[in-house]
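Contents: one structure, followed by commentary.
The values are calculated or read from the model by the stated rules, or taken from the named source; none is laboratory data. These numbers were taken from a predicted model, which means no experiment stands behind them. Every residue, glycine among them, receives a Cβ derived from its backbone with ideal geometry; neighbour counts consider all protein chains shown.
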Amino acid sequence: MQSDESSAADSKLEVADEVDETALASVMRTVPLGAAVLAGATVALLVLGYLLIYTLVFIPRGTVG
Amino acid sequence: MGESPVRNAERLCLAHFWVAFGAFLFACVLGAWQMWVRSPLGAKIGTPGDYFMSVTAHGVSMAYVLTTFFIMGFGYFVAVTALNRPLPGWIWAWGAFWMGILGVVLALISIGSGQASVLFTFYPPLTASVWFYIGLVLVVAASWVWCVLMLVAMHAWKVDNPGRPVPLAMFATVANAVMWLWTTVGVAVELLFQVIPASLGLVQTIDVGMSRTLFSWTLHAIVYFWLIPAYIAFYTLAPRAAGGRLYSDTMGRLTFILFLIYSLPVGMHHLLMDPEHGNGTKFIQVLLTAFVAAPTLLTIFTITASLEIAGRLRGGRGLFGWIAALPWERPMVLAIGLAFVMLGFGGFGGIINMAYGMNAMVHNTSWVTAHFHLIFGGSVVIMYFAIAYEIWPRLTGRDHLSLAPLRIQLWLWFIGMMVMTLPWHWLGLQGQWRRVANFNYADPIIAAWGPWVVVSLAGGIILLISALLFIRNLVALHRSDVRAIAKPLYALAVHPPRRVPAALNGFGLWNVLVLVLMILAYGFPIAQFVIEPSPAAIVHRVR
Amino acid sequence: MSDTPHEVHESRILRTELLWAFGVGIFVAASLSMIVFTALTLNVNPPSNVERIDPKTLHLSGEFAEQNLGTTVFGDGTVIVRAIATQFMFVPQCIAVPANRRVTLRFASPDVIHGLLITGTNVNTMVVPGFVAQVHTEFTRTGDLLMPCHEFCGQGHSEMWATVQVLPVDLFKPGPDGRVSCAKR
């Protein structure tokens with residue numbers, strides 16, 4: 001690396017990004033609806049899978065203690 | 001005068017990363033070999049001695065070398081770039097690096113000479129050569145130096161920036177360091193007071209109830225030590241890489257705090273099938289384990305929302321249109337998508353594992369092997385790749401010639417991991433057990449497993465190809481002619497905080513809570529063996 | 001004085017996060033309740049008996065002396081299996097158990113950590129030197145099952161397994177001393 005090249009540590013603390021604040025405000029009217037549905041559906045599937053394995057695989061193998 | 005400390009930090013980071021990834025490649029080769037010899041295709045190859053030596057080397061390389069060195073290197077990088085100041089004590093950092101190297105060399109030599117085939121979990125009374133343990137102690141000691149440097153760096157920044165919120169990437173890195181200091185106490189006590197004296201012949205017996213309990217103290221939080229850098233990438237790198245904003249900086253801080261407090265007092269969920277502890281203790285630990293699921297579930301929502309912002313800013317419409325609109329051609333974005341899929345499957349395995357009585361269905365079967373390869377080897381390591389691809393240009397001043405080989409490598413890792421681990425879940429439910437050098441495929445129950453073992457092997461080979469491609473991509477970057485353009489790295493939040501409460505800017509309060517929870521969860525289980533040691537088992541030297 | 005759009009955003013973000021956290025909390029609480037419920041009603045627990053035993057002398061006398069190993073039916077009808085896990089075999093290597101009857105399995109190790117499971121069942125326990133491992137269960141299907149050692153115990157670990165014969169009631173015949181051995185095949 002050349003000595004006149006900027007170093008990784010030269011980056012500023014909180015540099016503005018390319019996000020336009022007006023566009024962000026408009027987008028934030030819908031967010032997080034998509035996320036809630038996607039994440040919610042995923043978690044629901046996990047819960048369902050958990051219950052299915054519990055009742056269909058684990059319990060039929062016999063009580064144990 | 002010599003080079004500036006800043007230049008030194010780049011060499012420091014690269015040194016750590018190359019050690020980490022070198023160990024990683026070595027371990028991938030071993031892993032593929034192991035899978036071949038225990039499959040029907042390689043049934044006549046290799047002795048048990050070879051196999052268990054390989055498993056020990058594979059586990060030590062992946063669980064102790066790849067992880068510790070990567071995390072140290074990434075931590076130094078964050079401390080310098082997020083805080084925008086030189087690393088304090090870089091001479092200590094280099095000293096720690098070389099001490100870690102010495103430790104790795106000692107451990108690998110003792111493994112290679114056949115005197116340490118005790119696996120990376122080294123369950124006493126099986127006892128290896130003392131050099132194996134000394135090697136591991138040196139690696140841990142090196143990481144402790146790193147922890148102190150992280151704390152010093154954050155403290156120095158806070159002194160110079162009173163009242164300002166610590167940048168999230170550094171806050172999370174220090175949370176990880178604090179958690180690591182707490183969790184290594186367990187294995188350190190086990191090694192220093194029980195295992196090393198036994199290995200030196202100073203004692204002939206060992207209290208196994210105590211040693212298993214001490215090891216379990218370390219055993220869960222260590223995986224969160226590995227995981228937190230991936231979450232740092234989720235919260236502080238991925239939103240900007242996708243062209244969006246982090247949905248909530250506050251939730252980010254809360255997530256890392258929850259990991260700090262809830263990943264420590266839960267280690268005994270690895271001992272649910274053990275006879276040295278009763279139901280009450282086991283149930284408390286299951287309860288606390290349920291709490292540690294919370295930060296991951298919160299993360300899923302916050303990061304998905306952050307990506308949704310990016311997708312909608314790029315024109316994605318409707319309930320799910322934002323998903324396709326994301327810039328999937330960027331390696332960091334692709335990696336996080338693949339990581340989340342693997343997190344779903346791996347997390348599913350995890351909630352089954354921790355479900356108290358249901359652990360009996362899966363304990364020490366291939367289900368467990370599937371779970372941790374998927375969640376660690378999958379979700380976490382793919383983010384290590386993505387972090388490397390993202391920050392390497394900043395470390396070398398050169399940029400990738402093309403992003404296509406990076407995407408191909410990430411896809412191969414994902415496909416290989418899914419093909420390798422999904423059959424293991426099924427095999428685990430059939431009763432296939434762990435750490436076997438060769439199966440008796442003549443037995444009818446075991447014969448039925450053969451085809452699935454071969455499918456799994458195919459996944460392992462794909463992973464090896466991906467690992468080779470990963471190294472190739474990094475080497476190509478070192479040789480690249482493309483100049484890296486300096487550009488900002490860390491994501492902004494939708495509302496960058498101007499002030500945060502002290503509780504979300506430091507760890508004083510949380511350390512107290514950790515102490516309370518550890519006493520609650522581990523107090524009696526350990527004290528009982530101090531008051532009345534278990535009937536001692538005879539030390540068994542491994543040759 | 002009205003909120004700026006900036007502040008409206010921030011409180012909305014926190015509200016959605018709290019809503020999600022609440023939902024997550026319900027999920028966590030529900031899973032835990034199910035675990036507690038089945039533990040109490042169906043007796044679904046991990047092995048819970050904590051009992052110490054000296055690994056160095058267990059083979060000499062007492063419950064785990066060689067002559068006492070295997071399946072024994074006591075006068076009151078209880079069925080108890082005793083076996084030793086050692087490098088690198090189970091003693092006995094074949095265990096006979098009755099179908100559809102409560103069985104108590106007890107294991108001990110005189111040397112290193114072992115573990116075992118019985119395929120197709122929920123029998124799974126670690127065998128830690130210094131402690132007796134105990135599991136109660138009921139075998140629901142007849143046939144031969146595999147009982148491997150599932151924890152690394154040394155170079156011979158891969159060859160360490162036993163067979164469990166689940167016998168129908170007409171074949172499960174205790175001898176005069178209450179002992180039951182595996183049927184010859």
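When you go through B:GLY75, B:GLY59 one by one, which is the residue that is touching a residue at least 40 places away in the same chain (Cβ under 8 Å) and under 30 Å from B:ALA448 (Cα atoms)?
After ruling out the rest, the residue left standing is B:GLY59.
Any residue at all in the stretch B:323-341 that is aromatic (Phe, Trp, Tyr) and farther than 25 Å from B:ILE222 by Cβ?
Within the stretch B:323-341, one or more residues are aromatic (Phe, Trp, Tyr) and farther than 25 Å from B:ILE222 by Cβ.
Got a sec? Which of B:GLY135, B:GLY73 is in a helix (DSSP H, G or I), within 14 Å of chain A (Cβ to nearest Cβ) and at pLDDT 95 or above?
B:GLY73
Suppose we filter B:VAL185, B:VAL223, B:VAL195, B:VAL174 for residues that are buried (at least 22 other Cβ atoms within 10 Å of the Cβ), β-branched (Val, Ile, Thr), under 26 Å from the mean Cα position of the chain (by Cα) and under 28 Å from B:HIS540 (Cβ atoms); which single one remains?
Result: B:VAL195 is the single residue among B:VAL185, B:VAL223, B:VAL195, B:VAL174 that is buried (at least 22 other Cβ atoms within 10 Å of the Cβ), β-branched (Val, Ile, Thr), under 26 Å from the mean Cα position of the chain (by Cα) and under 28 Å from B:HIS540 (Cβ atoms).
Taking B:ALA355 as the residue in question, decide whether it is within 26 Å of B:ARG11 (Cα to Cα), in contact (Cβ under 8 Å) with a residue 60 or more places away in the chain, aliphatic (A, V, I, L, M) and touching a helix residue (DSSP H, G or I) at 6+ places or on another chain (Cβ under 8 Å).
no
Filter the stretch C:37-66 down to the residues that are within 26 Å of A:GLY62 (Cα to Cα), of a type in the set (Val, Ile, Thr) and either surrounded by 14 or more Cβ atoms within 10 Å (Cβ to Cβ) or at the interface with another protein chain (Cβ under 7 Å from one of its Cβ atoms) (or both) and list them by number.
Listed by number, the residues that qualify are C:THR38, C:VAL44, C:VAL50.
Are any of the residues in the stretch C:100-118 surrounded by fewer than 24 Cβ atoms within 10 Å (Cβ to Cβ) and of a type in the set (Gly, Ala, Ser)?
Looking for residues that are surrounded by fewer than 24 Cβ atoms within 10 Å (Cβ to Cβ) and of a type in the set (Gly, Ala, Ser), one finds none in the stretch C:100-118, hence no.
Please go through the stretch A:44-65 and pick out each residue that is of a type in the set (A, V, I, L, M) and at the interface with chain B (Cβ under 7 Å from one of its Cβ atoms).
Correct list: A:LEU46, A:ILE53, A:VAL57, A:VAL64.
Per-residue answers, yes or no, for (1) modelled with pLDDT of 95 or more; (2) of a type in the set (A, V, I, L, M, F, W, C):
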site: B:PHE215; (1), (2): yes, yes
site: B:ILE222; (1), (2): yes, yes
site: B:PHE225; (1), (2): yes, yes
site: B:ALA230; (1), (2): yes, yes
site: B:LEU237; (1), (2): yes, yes
site: B:ARG253; (1), (2): yes, no
site: B:PHE256; (1), (2): yes, yes
site: B:GLY280; (1), (2): no, no
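Would you check which residues across the stretch B:323-359 are hydrophobic (A, V, I, L, M, F, W, C) and part of a loop (DSSP other than H, G, I, E, B) and list them?
If the condition is that a residue be hydrophobic (A, V, I, L, M, F, W, C) and part of a loop (DSSP other than H, G, I, E, B), then B:LEU326, B:TRP328, B:MET354, B:ALA355 are the ones that fit.
Looking for whichever is facing chain A (nearest Cβ under 10 Å), free of Cβ contacts under 8 Å to residues at least 12 places away in the same chain, among the basic types (Lys, Arg) and more than 23 Å from B:ILE382 (Cα to Cα) here; the options are B:ARG312, B:ARG317. Which one fits?
Result: B:ARG317 is the single residue among B:ARG312, B:ARG317 that is facing chain A (nearest Cβ under 10 Å), free of Cβ contacts under 8 Å to residues at least 12 places away in the same chain, among the basic types (Lys, Arg) and more than 23 Å from B:ILE382 (Cα to Cα).
Among the residues of the stretch B:331-357, write down those that are at the interface with another protein chain (Cβ under 7 Å from one of its Cβ atoms) and not small (Gly, Ala, Ser).
Of everything in the stretch B:331-357, those that are at the interface with another protein chain (Cβ under 7 Å from one of its Cβ atoms) and not small (Gly, Ala, Ser) turn out to be B:PHE348, B:ILE351, B:ILE352, B:TYR356.
In the stretch B:262-282, what residues are under 15 Å from C:VAL128 (Cα atoms) and outside any helix (DSSP H, G or I)?
Those that are under 15 Å from C:VAL128 (Cα atoms) and outside any helix (DSSP H, G or I): B:LEU271, B:LEU272, B:MET273, B:ASP274, B:PRO275, B:GLU276, B:HIS277, B:GLY278.
Suppose we keep only residues that are surrounded by 17 or more Cβ atoms within 10 Å (Cβ to Cβ) and within 12 Å of chain A (Cβ to nearest Cβ) within the stretch B:474-496. Which one would you say is farthest from B:LYS158 (Cα to Cα)?
B:ALA484
Which ones in the stretch B:4-48 are part of a loop (DSSP other than H, G, I, E, B) and within 14 Å of chain A (Cβ to nearest Cβ)?
B:SER4
Do you know which residues across the stretch B:138-164 are among the small types (Gly, Ala, Ser) and in a helix (DSSP H, G or I)?
B:ALA141, B:ALA142, B:SER143, B:ALA153, B:ALA156, listed by residue number.
Can you name the residue in the stretch C:132-144 that is within 9 Å of chain B (Cβ to nearest Cβ) and buried (at least 22 other Cβ atoms within 10 Å of the Cβ) and, of all such residues, is farthest from the chain's Cα centre (by Cα)?
The selected residue is C:ALA133.
Scan the stretch C:148-159 for residues that are buried (at least 24 other Cβ atoms within 10 Å of the Cβ) and more than 7 Å from chain B (Cβ to nearest Cβ) and report the count.
Here the count works out to 2.
Please enumerate the residues belonging to the stretch B:195-252 that are more than 30 Å from B:PRO488 (Cα to Cα) and outside any helix (DSSP H, G or I).
B:LEU200, B:GLY201, B:LEU202, B:VAL203, B:GLN204, B:THR205, B:ILE206, B:ASP207
Which ones in the stretch B:191-204 are within 17 Å of B:VAL140 (Cβ to Cβ) and in contact (Cβ under 8 Å) with a residue 60 or more places away in the chain?
Across the stretch B:191-204, the qualifying residues are B:GLN194, B:VAL195, B:ILE196, B:SER199.
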